[in-house]
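What follows is one structure encoded as structure tokens, with my remarks underneath.
The values are calculated or read from the model by the stated rules, or taken from the named source; none is laboratory data. These figures come from a predicted structure and were not determined experimentally. Note: ideal-geometry Cβ built from the backbone for every residue, glycine included; neighbour counts use all protein chains shown.
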């Protein structure tokens, strides 16, 4: 939910042009990179939060990433291109506040208490909430997609049914809330104009979200509790990894995939990344999932795969082309 890791979000409207062909080797490398980079977001978040406050960590990460994206966009098209049109600010602010800001911050808050593998499985259910929102604002999901939603909700319920002594209920609720906020933001983003240039749009979303989370950290007193001398080198390294590799590089790779691979193929990261996150948590942090958690995770991921397979070709699931389906 980092989304950690972006978050890392383009809200340009879908383009009708077919993806340009790319060789199988290039596609394989691109897919492998996005699986690993965004799958490792949860691990990066967990390590960074060992000694960095969650909202300070999240806001600094997105503000720094926004500056990098603006620098790249300005070098390519000039500083004038960085200014959104008047009618595009609504989309920028809505997606920046809800997806990059609230969604990623809630994920970081929850990950203080929830293991990386479990957090990734909870976040994987985000596309299900998008379809739930569509029951009220339409177009309505297909019957097969509705079956996927019901299966996913059942899997999430099973995740919450683990013994109370092993899991932090409050942290799990924060992670799920982050996916609900992200779903709302992505639904609004489809209905509002946003910059067509993905670098400019994403940069402004990160800037708006980063500023909002920074203000929340000040109001909550989190900034006052920050002791830079107590932040470990391990946490700084994880923060830098999240900002540069997961956010800037990861989003760039995903954008390339959207332009060179079928959307169905690019969308597979939504249910592959949690598997990567679980494996990394086991290898790097010695985390373990119970048999019940594994079964629940399989149910959630299978439901998400069904929803994506049914809804992606219609491009009406509430996620504009280029928008990650979960907090990064």
Checklist outcome for this item: If we keep only residues of segment 285-305 that are surrounded by fewer than 23 Cβ atoms within 10 Å (Cβ to Cβ) and touching a helix residue (DSSP H, G or I) at 6+ places or on another chain (Cβ under 6 Å), then the residue nearest to residue 122 (Cα to Cα) is 301
Checklist outcome for this item: So the helices (runs of 4 or more DSSP H) completely within segment 245-312 holding 3 or more residues that are at pLDDT 80 or above, out of contact with any strand residue (DSSP E or B) (no Cβ under 9 Å at 6 or more places or on another chain) and within 25 Å of residue 206 (Cβ to Cβ) are 250-260, 269-285
Next on the checklist: Tally up the residues in segment 259-284 that are buried (at least 19 other Cβ atoms within 10 Å of the Cβ) and within 15 Å of residue 26 (Cα to Cα), please.
Outcome noted: 2
Checklist entry - Is it true that some residue in segment 89-100 is at pLDDT below 85, surrounded by fewer than 24 Cβ atoms within 10 Å (Cβ to Cβ), in a helix (DSSP H, G or I) and under 22 Å from the mean Cα position of the chain (by Cα)? => result no
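One line per residue, one yes/no per condition, for (1) closer than 16 Å to residue 168 by Cβ; (2) over 23 Å from the mean Cα position of the chain (by Cα); (3) in a helix (DSSP H, G or I):
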site	(1), (2), (3)
113	yes, no, no
129	no, no, yes
141	no, no, no
145	no, no, yes
Checklist outcome for this item: By residue number, the members of segment 22-46 that are touching a helix residue (DSSP H, G or I) at 6+ places or on another chain (Cβ under 8 Å) and surrounded by fewer than 21 Cβ atoms within 10 Å (Cβ to Cβ) are 22, 26, 27, 30, 31, 33, 35, 36
Checklist outcome for this item: Being buried (at least 22 other Cβ atoms within 10 Å of the Cβ) and either modelled with pLDDT under 90 or in a helix (DSSP H, G or I) (or both) narrows 229, 238 down to just 238
Next on the checklist: Within segment 189-212, does at least one residue satisfy the condition of being farther than 30 Å from residue 76 by Cα and either in contact with a helix residue (DSSP H, G or I) (Cβ under 8 Å, 6 or more places away or on another chain) or assigned to a helix (DSSP H, G or I) (or both)?
Outcome noted: no
